[in-house]
1. Looking at this structure, is Ala270 surrounded by 23 or more Cβ atoms within 10 Å (Cβ to Cβ) and at pLDDT 95 or above?
2. Could you grab the pairs with beta carbons closer than 7 Å, sequence gap of 6+ or different chains, first residue in region 20-49 and at negative phi and modelled with pLDDT under 80, second one part of a helix (DSSP H, G or I) and not small (Gly, Ala, Ser)?
3. State the number of residues belonging to region 160-207 that are in contact with an Asp or Glu (Cβ under 8 Å, 6 or more places away or on another chain), closer than 17 Å to Ala269 by Cα and either polar (S, T, N, Q) or not assigned by TED's automatic domain parsing to the domain that holds Asp262 (or both).
4. Is it true that some residue in region 246-262 is within 20 Å of Gly178 (Cα to Cα), charged (D, E, K, R) and out of contact with any helix residue (DSSP H, G or I) (no Cβ under 9 Å at 6 or more places or on another chain)?
5. Among residues belonging to region 172-186 that are among the polar types (S, T, N, Q) and surrounded by 10 or more Cβ atoms within 10 Å (Cβ to Cβ), point out the one that is farthest from Asp262 (Cα to Cα).
6. Filtering region 31-85 down to residues that are crowded, with 18+ Cβ neighbours inside 10 Å and small (Gly, Ala, Ser), which residue is farthest from Asp170 (Cα to Cα)?
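The values are calculated or read from the model by the stated rules, or taken from the named source; none is laboratory data. Predicted, not measured: the structure shown is a model, and the values here were computed from it. Cβ placement follows ideal geometry from the backbone for every residue including glycine, while neighbour counts extend to all protein chains displayed.
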Amino acid sequence: MSEISTGSTPEELLAIAVRVAREGAVTARRMRDEAIGDVQTKSTDTDVVTAADKAVERQVVEALLADRPGDGVLGEEYGDSVAVAPGAVRWILDPIDGTVNYLYGLPQYAVSLAAERDGEVIAGVVVNAATGDEWTATRGGGAWRDGRRLTGSARTTLDQSMIATGFGYDARRRAHQGAVLAQLITRVRDIRRLGAAALDLCLTAEGTLDAYFEKGLNLWDHAAGGLIAAEAGLVVSGLSGAPAGGQMLVAAPPALFPALHDVLVELDAAGGP
Ligand code: LIP
């Protein structure tokens, strides 16, 4: 691997990620327009994976390693390939986030690609494959959409806030999540369940949504969108001081985060199966 590749800047990594993610989004859209093929299930009968998920992941991984052969890739469908060079990058990829939306043709599914070095995500891009909308961020470089810097929502009170969330694929987890929602919905302006964590995070980063939370996300769901939300000035965290992760991820403007955090703790949103 050339020296430049291990020492690439976040901006150089973002340029690679944007190019490759856009190409993957074109493939996802084309395959959707042609026909949904080879639909299989994973953890439950509602946790689906399509031929497009696999094709996009293969395409993105091949393009990344052609550019940077010493890097590693963690992908939703084919798992982890270990980086072999010191200071190399681990790419974190969800080839189609919002797979059920993709299956139904709802225009809310995205290619999500992040670059991680030494355990820290330093660049990320999310491309809505249905619409072409694109969000980017580099660590310390801000979050952007169409040349506009993102700064999140100006909302300051929970009862006037639009909160997005999502549900797992396991019925027992969904029962707990539904019980939490039944209480939360009385405390907020409204709830939205759009079906793709990466896009939920980007819409929250741009202030179209006021805040987002979800239990049970995988790293590939939130690696890029979490950086975009953080670089938009949002608090991206778990509950009670925990980092954002599978137990809970909350993304909210600093003015809103404490109230949302406290009600999620009160309702045991991180609990349950
Ligand atoms: C999806 C997430 C979404 C969550 C779904 C699913 P996938 O990821 O983006 O937020 O609510 O249950 O996990 O499976 O479409 O890549």
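1. Against the criterion (surrounded by 23 or more Cβ atoms within 10 Å (Cβ to Cβ) and at pLDDT 95 or above), Ala270 does not qualify.
2. Between residues of region 20-49 that are at negative phi and modelled with pLDDT under 80 and residues that are part of a helix (DSSP H, G or I) and not small (Gly, Ala, Ser), the close pairs are Ile36/Leu103; Val39/Leu103; Val48/Thr99; Val48/Val100; Val48/Leu103; Val49/Thr99.
3. 1
4. Yes, because at least one residue in region 246-262 is within 20 Å of Gly178 (Cα to Cα), charged (D, E, K, R) and out of contact with any helix residue (DSSP H, G or I) (no Cβ under 9 Å at 6 or more places or on another chain).
5. Checked region 172-186; the qualifying residue farthest from Asp262 (Cα to Cα) is Gln177.
6. Here the residue is Ala83.
Here is a yes/no grid of residues against (1) surrounded by fewer than 21 Cβ atoms within 10 Å (Cβ to Cβ); (2) small (Gly, Ala, Ser):
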position	(1), (2)
Ala196	no, yes
Gly207	yes, yes
Ala232	no, yes
Leu249	no, no
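Each row is one residue, and each column tells you yes or no for (1) closer than 21 Å to Pro243 by Cβ; (2) in contact (Cβ under 8 Å) with a residue 40 or more places away in the chain; (3) surrounded by fewer than 22 Cβ atoms within 10 Å (Cβ to Cβ).
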| residue | (1), (2), (3) |
| --- | --- |
| Asp118 | yes, no, yes |
| Gly124 | yes, yes, no |
| Thr151 | no, yes, yes |
| Ala154 | no, yes, yes |
